[in-house]
Structure formats: structure tokens, C-alpha cells
Amino acid sequence: MKQRINLLIAFSVVALIVLSTVQCYLVKTTYDYKVAQFHTQIKNEIAQISNNYSDIDSVLVSRKEALYTHLSEKYIQGKNSKIDIKKGILENEYRSALTAQIQRKFERDLPNFKIDFAIVLNKFILYKNTKKADTIFSEKPFIQNKLYGNLASLNHAFLVRNYVGTTNGTFENQEYQLLTEDSMYVSVIDWEMIILRRMAFILVLSLFSILTLITLFVIALKALIKQKKVSDVKTDFINNITHELKTPLATLGISTKILEQKNIRENDENFNAIVNTISRQNNRLQSLIDQVMANSLAENKIELQKEKIETEDFLQTIVNDFKITYPKIGVKTDFQTQKTNLVLDKFHLTTALLNVLENAVKYGSNTIIVKTKQVENQFSISIEDNGIGIAKNKQSLLFEKFYRVEQGNLHNTKGLGLGLYYVAQIVKAHQGSVNVISDLGKGTQFTILLKV
Ligand code: ADP
């Protein structure tokens with residue numbers, strides 16, 4: 001059974017992991033798709049507003065073309081090198097004016113997005129006699145080749161468009177053609193947030209479905225473990241009660257056999273001893289059956305016969321009787337309250353308190369202290385012992401029906417696991433509560449809190 005549960009858990013965990021992975025993959029795919037869609041949208045919108053720089057400022061554009069022509073002609077003359085051309089282009093004086101103008105246009109035409117951009121020059125090729133190509137430079141888009149714009153890096157930017165420009169000219173009877181290519185890169189500020197906002201519905205839905213699945217899984221698992229525990233506890237109970245019944249039955253069997261012997265029957269002393277044994281075992285059987293009966297009835301409603309009693313006196317009587325039954329056990333009282341009148345069921349509460357006191361003896365204690373005190377508006381009765389104690393992880397189960405702490409050998413101490421269950425039921429019927437504090441090897445303290 002345990003193996004099957006473990007297998008089931010392992011399978012479910014694997015299934016959950018696979019499902020979560022698939023969900024993550026789907027979310028990631030959607031995210032990538034949304035990013036691509038967003039880029040296309042931005043590209044289209046920008047394409048509509050700037051087909052050419054001349055839309056933005058024709059004066060600046062003609063100055064730019066004049067600079068290109070001037071640099072090309074000086075190069076043809078041999079007055080400047082390729083590096084001089086690149087330097088001349090990149091250090092153009094209209095850089096900040098054009099940047100500001102393009103930026104303003106973006107702000108006006110695309111007010112929903114905050115856009116940073118860079119236009120980088122990739123190619124500058126001269127065709128002398130319009131045939132032979134002389135590549136001044138041709139590079140991949142680099143931010144270092146920025147003509148205009150306010151972007152500091154191309155890392156998170158995406159390509160919006162390429163501008164290819166051609167200029168024809170004649171210099172000293174020599175025809176030439178100039179081919180330039182520059183690219184516009186943009187980066188939308190907070191674009192991740194924009195995309196996440198667009199994906200909010202999908203994100204919430206998938207998170208919700210995964211969380212629901214995990215919650216259902218945990219609930220199912222808890223129910224399964226609880227069921228297994230109940231079935232284990234029931235099996236333990238059957239083992240315990242069988243064991244408990246065996247001893248008196250065996251003694252009864254032997255006693256009857258002995259009584260069949262004539263010489264025993266004729267000896268009064270022996271005869272009485274055997275009859276006493278039979279009577280003791282009979283009582284033991286009766287009390288076992290009573291315990292089981294009382295607790296199965298307790299499942300329904302316990303009918304209390306309450307009366308007003310002076311609680312300290314009531315406790316003292318129980319302690320005195322207990323001392324007579326267990327003369328070797330040191331039982332002390334420490335009452336910090338006086339003459340507290342409570343409405344209680346004497347009979348049931350006596351049995352419950354005796355269960356706790358007897359447990360203390362059963363589980364290794366030789367000194368018991370019974371204390372009372374007032375805790376806010378509650379009356380507290382605590383029974384402290386110096387017995388074997390209870391491990392922390394077992395303490396929450398103590399008050400469950402049939403529960404017994406396993407101590408290596410299950411039947412080391414006799415019991416059915418009903419004593420504390422009965423205590424809890426009786427205290428609950430008084431609208432009170434019971435709790436335990438214990439350290440393994442040091443002792444245990446049970447505290448019963450009753451409403452004043
Ligand atoms: P039972 O004594 O018949 O086993 P109880 O319901 O009275 O059943 O107690 C449940 C379990 O709690 C016991 O099996 C025992 O292991 C543990 N227990 C109860 N009282 C004490 C105590 N004073 N010290 C140590 N262990 C205790």
C-alpha cells in the first residue's frame with residue numbers, strides 16, 4: 001500500500017512537472033510571438049511617419065548630401081583618405097538638430113510609446129565612372145557608426161528600416177555615383193511591460209490553472225495519507241485488542257482447568273485464590289469491553305450530567321483516591337486558585353482525569369504534580385509527570401481514536417489508544433480544550449482548559 005502511494009505520488013509529481021513545463025513553453029512561445037508582433041507594429045507605424053529624412057527636414061537633408069558630395073570629391077582628388085571620410089560623416093554638425101527633430105516627430109505621431117532610436121551608417125561606396133566600385137567602408141550595423149539618435153547601444157534595439165541613398169555627380173569630367181546605406185534601430189522604453197500587459201490574461205489564466213492543479217493534488221494527497229493513517233491505526237487497534245483479550249482469556253482457560261482438579265477444589269485456600277483470579281480476569285475483560293463501548297458511544301453526542309462543584313475540592317478527592325491506588329507514586333498538588341465553582345460532569349471528568357493520571361504512571365513517571373491556575377477567563381488544570389515523554393511529531397495525533405505511540409515493541413505497555421481520545425471528547429463536551437507539552441525522555445504536561 002505504502003509503495004503504491006509513493007508510486008502514485010511520484011507519477012503525479014512527474015505529471016505536474018511535465019504540465020508546468022509545457023505551460024512555461026507555451027507562455028514563452030506566446031511571449032516571443034507577442035514580441036515579434038510588437039516589433040512589426042512599431043515598424044509599420046514608423047514606416048508611415050518617416051519614409052525619408054527629407055519628410056522631416058529637407059534643409060538638413062540637402063546639407064547632408066552636400067557633405068557627402070564634398071567628401072567624395074576630395075577623395076577622388078586624393079586629398080583625403082577613407083578614414084577621413086568616415087570621420088567627416090560621423091562628426092557632422094547637424095547630428096543633434098536632426099536627432100531632436102526625429103524625436104519630436106516620434107513623440108507627436110506615436111504618443112503611446114517612448115522611443116529611443118539610432119540611425120547608423122553601414123555602407124559608403126563610390127562608383128568611379130559609375131562602374132568600378134570603391135568601397136570606402138561597409139560594415140555591419142554598429143552603434144559606433146551612429147549618425148543621429150539617442151540610443152547608446154543596439155543591444156535591446158531592433159531594426160526598423162534601411163535607407164539606401166544614391167547620388168550621381170561629375171567631378172573634373174569624371175562621372176561618379178555614391179551609394180550609401182543606413183539603418184534605423186529603435187528601442188521602445190518599457191517594452192517588456194507593454195508586452196506583459198498584453199499577455200496578462202494568458203499569464204493569469206495559466207498561473208491559475210497550474211495553482212488549481214497543485215492545490216487539487218495536495219488535497220488529494222492529504223486525503224490519501226489521512227485514509228492510510230486511519231487504516232493503519234485501525235489495524236493497530238485490532239492487534240492491540242486481540243493482545244489485550246488474549247491474556248485474560250488464557251488465564252481464565254488455565255484457571256478452569258485447575259479447578260477441574262479435585263485436590264484443588266478440596267483445598268479452600270487454593271480454591272479461593274483461583275476464584276479470585278477468575279474474578280479479576282473477568283473484571284479486566286469487562287473493563288476492556290466497557291472502554292470500547294464507551295468510546296464508540298462517545299462518537300455520538302455525550303450527554304453530560306452537569307452540576308455546580310468546587311473544583312479544587314473535586315481535584316483533591318481524585319488525587320487522594322489516586323494516591324491510595326498508587327502508594328508508590330509521589331503525587332503533589334499546587335493549586336494557585338481557590339474555591340472555584342464550575343459547572344461540570346463529575347463522573348466523566350473524574351474518568352478523564354484518572355486516564356491522564358494513570359497514563360503518567362503507565363508511561364514511566366514516579367512523580368506527578370497537579371496544578372490549577374486562572375488563565376484569562378479560563379480555569380487551567382495541568383498534570384505534569386516525569387515519565388518517558390512524547391516525541392514532538394507524535395503529539396498532534398495523541399487525541400485521535402485508537403492512536404498509540406509505537407515504542408519499539410508495540411505491546412510494551414497495555415492500552416487501546418482510547419484513553420486520551422476520551423479525555424479530548426469529554427473536555428470538548430465541556431466547551432474546553434486540552435493540549436500537551438512534552439520532551440522525549442523528560443516528561444509530559446497535559447493541560448485542560450475549562451470555561452469559568
Ligand atoms: P493508551 O494508553 O491506551 O495507549 P491513550 O489514548 O491513553 O492510549 O494514550 C495514547 C498514547 O499517548 C499512548 O500510547 C502513549 O504512547 C502516549 N501517552 C499518553 N500519556 C502519556 C504520558 N503521560 N507520557 C508518555 N506518553 C504518553
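The values are calculated or read from the model by the stated rules, or taken from the named source; none is laboratory data. Given the structure is predicted, the values throughout are model-derived calculations rather than measurements. Cβ atoms come from the backbone with ideal geometry, glycine included; neighbour counts cover every protein chain shown. What goes into the accessible areas is simple: the full protein's heavy atoms, side chains included, and nothing from ligands, DNA or RNA. Shrake-Rupley method; radii C 1.70, N 1.55, O 1.52, S 1.80 Å.
The residue list Asn435, Phe113, Met184 was ranked by how far each Cα lies along the charge dipole of the chain toward its positive end, using unit charges on Cβ atoms, and Met184 comes out on top. Taking the Cβ of Asn341 as the center, what net charge do the other residues with Cβ under 15 Å away carry, scoring Lys and Arg +1 and Asp and Glu -1? Computed value for this residue: 0.
Scalar couplings 3J(HN,Hα) for the range 85-93, obtained by applying the Karplus form with A = 6.51, B = -1.76, C = 1.60 to θ = phi - 60°, are 4, 4, 4, x, 5, 6, 9, 5, 7 Hz; x denotes Gly and Pro.
Quick one: pull the percent of accessible area on the range 151-274 belonging to carbon and sulfur, 1.4 Å probe, ligands and nucleic acids left out.
Here it works out to 62 percent.
Using Cβ point charges alone (K and R +1, D and E -1), the dipole size of the range 51-190 about the Cα centre works out to roughly 240 debye. Think of the range 301-451 as a dipole: +1 on every Lys or Arg Cβ, -1 on every Asp or Glu Cβ, centred on the Cα centre; then among Leu344, Leu304, Leu398, Leu398 lies furthest on the positive end. Taking each DSSP H run with n ≥ 4 as -39500 (n - 2.57) and averaging over every residue of the chain yields -18500 deg cm²/dmol at 222 nm. How large is Rg over Rh for the range 301-451, taking Rg from the Cα atoms and Rh as the Kirkwood inverse mean of 1/r across Cα pairs? When Rh is taken as the Kirkwood radius, the ratio is 0.95. Annotation for the range 1-25 versus the range 236-251: alpha-carbon center distance of 42 Å. Shape index of the chain: Rg/Rh, with Rg the Cα radius of gyration and Rh the Kirkwood radius from the inverse mean 1/r over Cα pairs, equals 1.46.
The modelled label-to-label distance for the pair Glu93/Lys74, using points 7 Å beyond Cα in the direction of Cβ, is 1.3 nm. Accessible area per residue (1.4 Å probe, heavy atoms of protein chains only) ranks Glu65, Glu139, Glu266 as Glu266, Glu65, Glu139, with the largest value leading.
Under a straight-distance cross-link criterion of Cα-Cα below 14 Å, which aspartates and glutamates are reachable from Lys394, leaving out those fewer than 8 residues away in the same chain? Leaving aside aspartates and glutamates fewer than 8 places away in the same chain, those within reach of Lys394 are Glu406, Asp439. Rolling a 1.4 Å probe across the protein heavy atoms gives the chain an accessible surface of 59 Å² per residue.
Given a cut-off of 31 Å, name the pairs among Lys323/Lys451; Lys308/Lys442; Lys234/Lys339; Lys246/Lys306; Lys226/Lys428 whose C-alpha atoms lie farther apart than that in the structure shown. With Cα atoms farther than 31 Å apart: Lys308/Lys442; Lys234/Lys339; Lys246/Lys306. Dividing the mean sequence gap of close Cα pairs (under 8 Å, 6+ apart) by how many residues the chain holds gives a relative contact order of 10 percent.
Each of the trypsin sites (Lys or Arg not before Pro) that DSSP puts in a loop and that has at most 15 other Cβ atoms within 10 Å breaks the chain; the longest unbroken stretch is 132-300. With a cut-off of 11 Å between beta carbons, the residues surrounding Arg284 carry a summed charge of 0, where Lys and Arg count +1 and Asp and Glu -1. Partners of Lys401 within straight-line reach, counting aspartates and glutamates whose Cα lies under 20 Å from its Cα and excluding those fewer than 8 residues away in the same chain: Asp232, Asp236, Glu244, Asp290, Glu299, Glu303, Glu358.
Charges were assigned to the Cβ only: +1 to each Lys and Arg, -1 to each Asp and Glu. The resulting dipole of the chain about its Cα centre is roughly 600 debye.
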